[in-house]
1. Compute the label zone of L171 within the stretch 1-31: residues whose backbone N is under 18 Å from the point 7 Å along Cα-to-Cβ.
2. Normalised by the number of residues in the chain, what is the relative contact order in percent for Cα pairs under 8 Å and 6+ residues apart?
3. On average, how much accessible surface per residue is there in the chain, in Å², for a 1.4 Å probe, leaving out ligands, DNA and RNA?
4. Take the alpha-carbon centre of the stretch 107-125, take the same for the stretch 199-236, and report the distance between them in whole Å.
5. Taking amide H atoms as placed 1.01 Å from N in the peptide plane, list the residues 5 or more away in sequence, or in a different chain, whose amide H sits under 5 Å from that of D226.
6. Which order do R24, R67 take when ranked by solvent-accessible area (1.4 Å probe, heavy atoms of all protein chains), largest first?
7. Under 10 Å, Cα contacts only: if you run a Gaussian network model on the chain, which one of G157, G101, G36 comes out with the highest mean-square fluctuation?
8. Can you give me the Kirkwood hydrodynamic radius for the stretch 129-242, using every pair of distinct Cα atoms, in Å to one decimal?
Amino acid sequence: VYHTPELTPSDRTADCAIAIDVLRATSTIATALHVGAEAVQAFSDLDKLMQVSEDWPAEKRLRAGERGGSKVTGCDLGNSPLDCTPELMAGKRLFITTTNGTRALQCIQACPVVLTAALINRQAIVEYVLKQQPETLWLVGSGWEGSFSLEDTVCAGAIASALMTQANCTLEDLAGNDETISAIALYRQWQNNLLELLHHASHGQRLLRLDGQEDLKYCAQTDILDIVPIQKSPGVLVSLKA
Ligand code: MLT
């Protein structure tokens, strides 16, 4: 099932839930783990992040904060995946808070398996799901302050489309699952022009106004990182392969 955090049932869990925030939180999380961050700890609340990270050795932590697309004063980094270099990240814990992505993660953190996905690590996530065969799977697009987003929906469609092909299913098997069928249709229409779609998206437009064209280019790439970020305790993500 594909939905937004606001429509995620609070009285139920799925066997596996995947938070998606292509622009840019889950692209940043995948990249940070890929370049050697020990873990990424996500917070929806900035004060809580500051409080918890204070107890961590200063040389082993980095604080990333984003609101409205811009870096939060007092943090080491904003939310650009391009800031995640091996030199900066290796062996460190990234404490991160963002406008929407970290809230989406929070609303699924009670599920037995929680992953994060972006276009850049789509195939790694698909392989994990095919191997684990969860009975119920939620794809949760972070959106923007409660509204639909093109980039998260196209990523949900990219995951669902690959799952369908690789598990030999057809759209008929998804009958009644309107959101997922629409996400797949969006992906199939735009799969060869994902950067252009990100340019059309409202948050893509916001990031372009903030000089984020390189971030859009990076986040529009598909299957470049073999990383499965998985929750090991509430809000704490590690790389499955580490
Ligand atoms: C979010 O969580 O809303 C995003 O990751 C915003 C951003 O582009 O930094």
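The values are calculated or read from the model by the stated rules, or taken from the named source; none is laboratory data. Predicted model only: the values in this text are computed from it and were never measured. A quick note on method: Cβ atoms are made from the backbone with ideal geometry, for glycine too, and the neighbour counts reach across all protein chains shown. Keep in mind that these areas ignore ligands, DNA and RNA; they rest on the heavy atoms of the full protein, side chains included. Shrake-Rupley method; radii C 1.70, N 1.55, O 1.52, S 1.80 Å.
1. 1-2
2. 31 percent
3. So the chain comes to 44 Å² accessible per residue, rounded to a whole number.
4. So the separation of the two Cα centres works out to 14 Å.
5. Hits under the 5 Å cutoff: none.
6. R67, R24
7. Answer for the Gaussian network model of the chain: G36.
8. Hydrodynamic radius (Kirkwood, Cα pairs) of the stretch 129-242 is 15.7 Å.
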